[in-house]
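Enquirer: The structure is given below, and queries will be raised subsequently.
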Amino acid sequence: MEITREEIDHLAGLSDLSLSDKEAESLKGDLENIIKYISQLNELDTEGVEPTYQVFEMENVWREDDIIPQDADREKLLNLVPAYQGNIGTQDNQIKVPKVL
Amino acid sequence: MKYYPTIGIECHVQLSTKTKLFSEVDNDARGKEPNSCVSPVDYALPGMLPRLNGEAIKYAIRAGKAMNCKINQYSRFDRKHYFYPDSPKGFQITQFYHPIIGEGYVELPSGTKIRIEHAHLEGDAGKLTHFDTYSLVDLNRVDTPLIEIVSMPDIHSSADARDYCKELWRLMCYAGVTNGDLYNGNMRFDVNTSLAPEGAKELGTRTEVKNLNSFRSVERAIEYEIKRQSKLLDSGEKVIQETLGWNDATGETTGQRSKEEAKDYRYMPEPDIPPIKLSEEFIKEEMEKVPMLPNDYREKFGGVIPNDTLEVLLDYPQLMGKLGELSDKSIKNIANLFSSVLLAEEKSSEMLEQLPTGKQLEDLSEMKEKGELSSTGMKEVFAKLFDPQMKTKDTCNIAKELNVIQENDTGALEAIVDGVIADPACAQAVADYKAGSEKVLGFLVGQVMKASRGKANPGAAQQILKQKLQ
């Protein structure tokens, strides 16, 4: 199955990525290979077979509604935020990101 | 040309569970520091595993019951993918294919029924604050449990839309599933509006106004859209299907995105959360926990409390609950005090949290009926039932302390009336009354009230005066 350049651009847009022509071309090849590989499954007749949503066959795995103190506090979590390029980092205990509207 | 509007509303309700939908952290971030109610799950750190809050499922069942909805015994979660800094996961966990709440309806005070298509559980997104070149992200709200309620396009006026939103708010508050704090965004409305020529079979192109957080803004935004779309259609232009924002200050909707393309959320089953399978008994047990709802109270109090007073009081489940504790004969008096005294107080929201006991209110109404308290006296005693120094006392003792119990003792009253009749200052009035002037009676009653320092029962005083002056 051929993946068009438009489809690559659409997918990149959904993830807010900008790709160079070279990257787009290489991803196009990768995606085509992945889809070709997965497409082998189409040889099977799955008419009337319930899709597999999960493999453990469990249901109703719930927890109690109790607050549990977290090992990772605010400082630890904010420390994970990379700091570079001015508009990425932390400020006033919040995560700073370039403006996206 | 005359157009017929068709409106559908999606409403997000924040549930008031103790913890979030998928992590064991505090769900009530009101007044808390940014990013202080978060866990590695909310941060979507590698290896994190969301764990479903069982209480949210129970809340959903109760919310469904309040909207006369069928509860689906089987439901499960899906991932809805989008890229935005308010969601570190890169997707929202929601119920796209198999929602927990099925079809139902909400009945408006007018009797109009608005059908519910379905309602589902999902996690909220974080909060962004935008500055000139950057935005700040607070993840406290990430995965706060939400119920998204999707109505059928059964609404055809801005007034019905407002009534629907308000009734939904009441239902969710009565069912006890949300704090219902609109100011803090506990309920948010997205409104779809389209116009079609009167009598047309096909619906027109719709626009969606997102993120309205008050009943008034829902009403105004729809009125604005109806006008704006009518103008476009009248001049032969087309309505563009788009998502709009609402500016409360200017009273206008504004385009949010320049190009509207079909949304591509790439839904897939959420593999980390096994499906929910509910037994009929479990659903029934939870449904039975739903207390009386606004319509039950309308039926119960309809003949006793005037309609407009009842509709005001219905905004306060605490007041309805309290009125429900009282005997039929006290309900009217106390409902009146709730609407004319309590809700008029500046501190009414605090007072609502510490209502007097049923017995105190019952006694208060009874004292009024027996003539022991005037209307003014009743209001004074009522106010003191909220006074931290007084509130633990019996109503009767408070009335005594305030010295407002009316003199009904005929002997004592007669002595006061005799005194007034004998008073030279009243001689002219007495003579006028005897000569046939009825209107001076009011003056004489006033004198009796004065002599009794306001404690006489004016009705009784008038009767005794009449007898003695015959």
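The values are calculated or read from the model by the stated rules, or taken from the named source; none is laboratory data. Bear in mind that the values here come from a model prediction, so they are computed numbers and not experimental data. Counting neighbours? That spans all protein chains shown, and the Cβs are built from the backbone with ideal geometry, glycine included.
Enquirer: When the residues of segment B:336-390 are narrowed to those that are under 23 Å from B:D308 (Cβ atoms) and charged (D, E, K, R), which ends up surrounded by the fewest Cβ atoms within 10 Å (Cβ to Cβ)?
Expert: Per the stated criteria, the residue is B:E346.
Enquirer: Of everything in segment B:391-410, what is in a helix (DSSP H, G or I) and buried (at least 19 other Cβ atoms within 10 Å of the Cβ)? Give them in sequence order.
Expert: Residues of segment B:391-410 in a helix (DSSP H, G or I): B:395-402, B:410.
Those that are in a helix (DSSP H, G or I) and buried (at least 19 other Cβ atoms within 10 Å of the Cβ): B:T395, B:I398, B:A399.
Enquirer: Looking at (1) in contact (Cβ under 8 Å) with a residue 12 or more places away in the chain; (2) among the hydroxyl-bearing types (S, T, Y); (3) under 30 Å from B:L52 (Cβ atoms), which is the one condition that is false for A:T90?
Expert: Failed condition: (3).
Enquirer: Of all the residues that make up segment B:24-59, how many are among the basic types (K, R), modelled with pLDDT of 95 or more and under 28 Å from A:N79 (Cβ atoms)? Don't jump to the end; show me each part of the working.
Expert: Taking segment B:24-59 first, the residues among the basic types (K, R) are B:30, B:32, B:51, B:58.
The next check asks that each one be modelled with pLDDT of 95 or more; those that pass are B:51, B:58.
Remaining after also requiring under 28 Å from A:N79 (Cβ atoms): B:51.
Residues flagged as among the basic types (K, R), modelled with pLDDT of 95 or more and under 28 Å from A:N79 (Cβ atoms) within segment B:24-59 amount to 1.
Enquirer: Would you mind stating whether B:Q318 is more than 16 Å from the chain's Cα centre (by Cα) and at pLDDT below 95? Working first, answer last.
Expert: Values: more than 16 Å from the chain's Cα centre (by Cα): no; at pLDDT below 95: yes.
For B:Q318, the condition - more than 16 Å from the chain's Cα centre (by Cα) and at pLDDT below 95 - is not met.
Enquirer: Between A:D65, A:D71, which is surrounded by 11 or more Cβ atoms within 10 Å (Cβ to Cβ), among the acidic types (D, E), at the interface with chain B (Cβ under 9 Å from one of its Cβ atoms) and part of a loop (DSSP other than H, G, I, E, B)?
Expert: Details: A:D71 fails: surrounded by 11 or more Cβ atoms within 10 Å (Cβ to Cβ).
Testing whether each residue is surrounded by 11 or more Cβ atoms within 10 Å (Cβ to Cβ), among the acidic types (D, E), at the interface with chain B (Cβ under 9 Å from one of its Cβ atoms) and part of a loop (DSSP other than H, G, I, E, B) leaves just A:D65.
Enquirer: Between a first residue in segment A:1-30 that is in contact (Cβ under 8 Å) with a residue 60 or more places away in the chain and a second residue that is not aliphatic (A, V, I, L, M), which pairs have beta carbons less than 8 Å apart while being 6 or more apart in sequence or on different chains?
Expert: Once the first residue is in contact (Cβ under 8 Å) with a residue 60 or more places away in the chain and sits in segment A:1-30, its partners that are not aliphatic (A, V, I, L, M) give A:D16/B:F83.
Enquirer: Still on this structure: Residues in segment B:165-198 that are more than 25 Å from B:V290 (Cβ to Cβ) and out of contact with any strand residue (DSSP E or B) (no Cβ under 8 Å at 6 or more places or on another chain): how many?
Expert: Total meeting the criteria: 1.
Enquirer: Does A:G48 satisfy the condition of being free of Cβ contacts under 8 Å to residues at least 40 places away in the same chain and part of a helix (DSSP H, G or I)?
Expert: Working: free of Cβ contacts under 8 Å to residues at least 40 places away in the same chain: yes; part of a helix (DSSP H, G or I): no.
For A:G48, the condition - free of Cβ contacts under 8 Å to residues at least 40 places away in the same chain and part of a helix (DSSP H, G or I) - is not met.
Enquirer: Would you please name the residue that is surrounded by the fewest Cβ atoms within 10 Å (Cβ to Cβ), looking only at residues in segment B:1-23 that are in a loop (DSSP other than H, G, I, E, B) and at pLDDT 95 or above? Quick ask: steps written out before the conclusion?
Expert: Step one: list which residues in segment B:1-23 are in a loop (DSSP other than H, G, I, E, B), which gives B:1-2, B:15-18, B:20-23.
Filter again for at pLDDT 95 or above, leaving B:15-18, B:20-23.
On the way: B:L15: 26, B:S16: 20, B:T17: 20, B:K18: 15, B:K20: 31, B:L21: 27, B:F22: 27, B:S23: 26.
For segment B:1-23, the residue satisfying everything is B:K18.
Enquirer: Please give the number of the condition B:P306 fails out of (1) closer than 18 Å to B:C173 by Cβ; (2) without any contact (Cβ under 8 Å) to a residue 12 or more places away in the chain; (3) not charged (D, E, K, R).
Expert: Unmet for B:P306, out of (1) closer than 18 Å to B:C173 by Cβ; (2) without any contact (Cβ under 8 Å) to a residue 12 or more places away in the chain; (3) not charged (D, E, K, R): (1).
Enquirer: Before we move on, is B:G199 surrounded by fewer than 19 Cβ atoms within 10 Å (Cβ to Cβ), within 23 Å of the chain's Cα centre (by Cα), on the phi > 0 side of the Ramachandran plot and among the small types (G, A, S)?
Expert: Details: surrounded by fewer than 19 Cβ atoms within 10 Å (Cβ to Cβ): yes; within 23 Å of the chain's Cα centre (by Cα): no; on the phi > 0 side of the Ramachandran plot: yes; among the small types (G, A, S): yes.
It is false that B:G199 is surrounded by fewer than 19 Cβ atoms within 10 Å (Cβ to Cβ), within 23 Å of the chain's Cα centre (by Cα), on the phi > 0 side of the Ramachandran plot and among the small types (G, A, S).
Enquirer: Give just the number: which of (1) basic (K, R); (2) within 11 Å of another protein chain (Cβ to nearest Cβ); (3) not in a helix (DSSP H, G or I) does B:K89 not satisfy?
Expert: With respect to (1) basic (K, R); (2) within 11 Å of another protein chain (Cβ to nearest Cβ); (3) not in a helix (DSSP H, G or I), B:K89 is out only on (2).
Enquirer: Is it true that B:M48 is without any contact (Cβ under 8 Å) to a residue 60 or more places away in the chain and in the same structural domain as B:I155 (by TED's automatic domain parsing)? Outline the logic, then answer.
Expert: On the way: without any contact (Cβ under 8 Å) to a residue 60 or more places away in the chain: yes; in the same structural domain as B:I155 (by TED's automatic domain parsing): yes.
Spelling it out, B:M48 is indeed without any contact (Cβ under 8 Å) to a residue 60 or more places away in the chain and in the same structural domain as B:I155 (by TED's automatic domain parsing).
Enquirer: Looking at A:L17, A:L27, A:L11, can you tell me which residue is in a helix (DSSP H, G or I), within 14 Å of chain B (Cβ to nearest Cβ) and either out of contact with any Asp or Glu (no Cβ under 9 Å at 6 or more places or on another chain) or surrounded by 12 or more Cβ atoms within 10 Å (Cβ to Cβ) (or both)? Walk me through how you get there before you give the answer.
Expert: Numbers: A:L17 fails: in a helix (DSSP H, G or I); A:L27 fails: within 14 Å of chain B (Cβ to nearest Cβ).
None of the others qualify; the one that does is A:L11.
Enquirer: A further question follows. Any idea how many residues of segment B:190-238 are under 30 Å from B:R170 (Cα atoms) and of a type outside the set (S, T, Y)? Talk me through it step by step, then tell me what you get.
Expert: So the first thing to find is which residues in segment B:190-238 are under 30 Å from B:R170 (Cα atoms), and the list is B:190-195, B:206-227.
Keeping just the survivors that are of a type outside the set (S, T, Y) gives B:190-192, B:195, B:206, B:208-213, B:215-216, B:218-223, B:225-227.
The qualifying residues number 22.
Enquirer: Working carefully through the options B:Q447, B:Q428, find the one that is within 48 Å of the chain's Cα centre (by Cα) and modelled with pLDDT of 85 or more.
Expert: Details: B:Q428 fails: within 48 Å of the chain's Cα centre (by Cα).
Within the list B:Q447, B:Q428, the selection yields B:Q447.
Enquirer: Of all residues in segment A:74-101 being assigned to a helix (DSSP H, G or I) and either of a type in the set (S, T, N, Q) or within 7 Å of chain B (Cβ to nearest Cβ) (or both), which is surrounded by the fewest Cβ atoms within 10 Å (Cβ to Cβ)? Show your work before the answer.
Expert: Step one: filter segment A:74-101 for residues assigned to a helix (DSSP H, G or I), giving A:74-79.
Now drop any that are not either of a type in the set (S, T, N, Q) or within 7 Å of chain B (Cβ to nearest Cβ) (or both), which leaves A:74, A:77-79.
Working: A:R74: 16, A:L77: 20, A:L78: 18, A:N79: 10.
Among them, the one singled out is A:N79.
Enquirer: Sticking with this structure for a sec: I need the full set of residues from segment B:439-470 which are assigned to a loop (DSSP other than H, G, I, E, B), without any contact (Cβ under 8 Å) to a residue 24 or more places away in the chain and among the polar types (S, T, N, Q), in order please.
Expert: Result: B:Q470, single match.
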